1. Just to verify a result, which residue in segment 284-309, among those that are in contact (Cβ under 8 Å) with a residue 40 or more places away in the chain and part of a helix (DSSP H, G or I), is surrounded by the fewest Cβ atoms within 10 Å (Cβ to Cβ)?
2. Tally time: how many residues in segment 18-31 are assigned to a strand (DSSP E or B) and modelled with pLDDT of 85 or more?
3. Applying the selection to segment 256-283, what residues are outside any helix (DSSP H, G or I) and out of contact with any strand residue (DSSP E or B) (no Cβ under 6 Å at 6 or more places or on another chain)?
4. Looking at residue 229 and the list (1) surrounded by 13 or more Cβ atoms within 10 Å (Cβ to Cβ); (2) assigned to a loop (DSSP other than H, G, I, E, B), which single condition is not satisfied?
5. Which ones in segment 232-255 are without any contact (Cβ under 8 Å) to a residue 40 or more places away in the chain and in a loop (DSSP other than H, G, I, E, B)?
6. For segment 246-277, which positions are out of contact with any helix residue (DSSP H, G or I) (no Cβ under 9 Å at 6 or more places or on another chain), under 18 Å from residue 187 (Cβ atoms) and surrounded by 13 or more Cβ atoms within 10 Å (Cβ to Cβ)?
């Protein structure tokens with residue numbers, strides 16, 4: 001709806017039986033406006049079409065710089081000007097000033113606009129009196145903080161470490177070949193670690209080539225071994241025909257321990273594809289493929305570990 005001559009004056013009219021209040025400001029004559037309930041009751045009872053011209057920010061100020069004001073007018077969607085009478089005291093001091101001007105904005109529903117009521121122009125035309133809604137800004141900030149927290153707390157799915165390991169000896173090779181079964185090199189019943197022999201060896205035999213990668217986690221006396229960052233330690237996915245040596249002699253005090261190596265198998269083709277082309281997958285896609293590559297059954301290799309200092 002367009003306002004005649006692009007401007008109009010608010011009139012004060014107290015409707016009997018409809019809720020409202022007076023808008024009071026030091027330099028403006030008080031005028032009666034309907035609160036939201038009063039306006040709804042009025043429009044329900046009225047037999048004429050009631051029109052709302054737009055929004056008026058009752059605490060909005062203009063730029064004094066005309067050029068800045070024109071830019072603001074275009075950017076903020078100002079469609080007209082509303083005039084409000086000054087009070088008598090002000091007119092007595094400033095006889096040339098007869099009205100207070102407020103910008104009229106396009107009517108817009110927004111969490112940043114809080115409607116306080118409706119002021120009448122004439123002929124059943126009204127404007128919404130709005131203020132900036134601090135609650136909307138607070139809610140937006142809370143939403144932003146919540147989103148940041150969710151992004152921070154959401155576990156980042158890193159590509160599984162591919163551990164090439166070291167070449168293994170022939171004595172560690174398992175005899176079966178071309179089998180889809182994953183083969184392991186078991187521990188001896190007792191493993192002794194000394195300064196000359198400080199490591200345990202975890203192996204992915206050549207027989208598993210093209211079939212499986214293997215990742216190991218270490219559990220000592222029922223407690224999972226952790227890395228320097230406090231995360232559960234794993235060897236990473238060891239390639240077939242490779243081994244990883246882990247120096248536990250320097251990590252453990254002298255004594256006897258029960259050691260378990262929890263083996264997780266990964267499909268060779270899927271995991272190779274993931275790590276060769278990981279940049280083309282989203283986190284969700286990567287997680288789905290990694291879950292598909294991971295074999296559902298884990299295997300445990302155990303030994304009594306004797307540490308001698």
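1. First pass over segment 284-309, keeping only residues in contact (Cβ under 8 Å) with a residue 40 or more places away in the chain: 286-287, 290, 295, 299-309.
Retained after the next criterion (residues that are part of a helix (DSSP H, G or I)): 286-287, 290.
Numbers: 286: 18, 287: 13, 290: 18.
Looking at residues that are in contact (Cβ under 8 Å) with a residue 40 or more places away in the chain and part of a helix (DSSP H, G or I), I get 287.
2. At the first step, the residues of segment 18-31 found to be assigned to a strand (DSSP E or B) are 20-25, 28-31.
Narrowing the set further to residues that are modelled with pLDDT of 85 or more leaves 20-21.
Here the count works out to 2.
3. The initial filter retains those residues of segment 256-283 that are outside any helix (DSSP H, G or I), namely 256-267, 277, 281-282.
Once the filter is applied, which keeps residues that are outside any helix (DSSP H, G or I) and out of contact with any strand residue (DSSP E or B) (no Cβ under 6 Å at 6 or more places or on another chain), segment 256-283 yields 258, 267, 277, 281, 282.
4. So residue 229 meets the others, but not (1).
5. Initial filter on segment 232-255 (without any contact (Cβ under 8 Å) to a residue 40 or more places away in the chain): 232-233, 240, 251.
Residues satisfying the conditions are 233, 240, 251.
6. 246, 248, 249, 251, 252, 257, 259, 260, 261, 262, 263, 264
The values are calculated or read from the model by the stated rules, or taken from the named source; none is laboratory data. Everything quoted here is computed from the prediction, not taken from an experiment. Cβ: placed from backbone, ideal geometry, glycine included. Neighbour counts: every protein chain shown.
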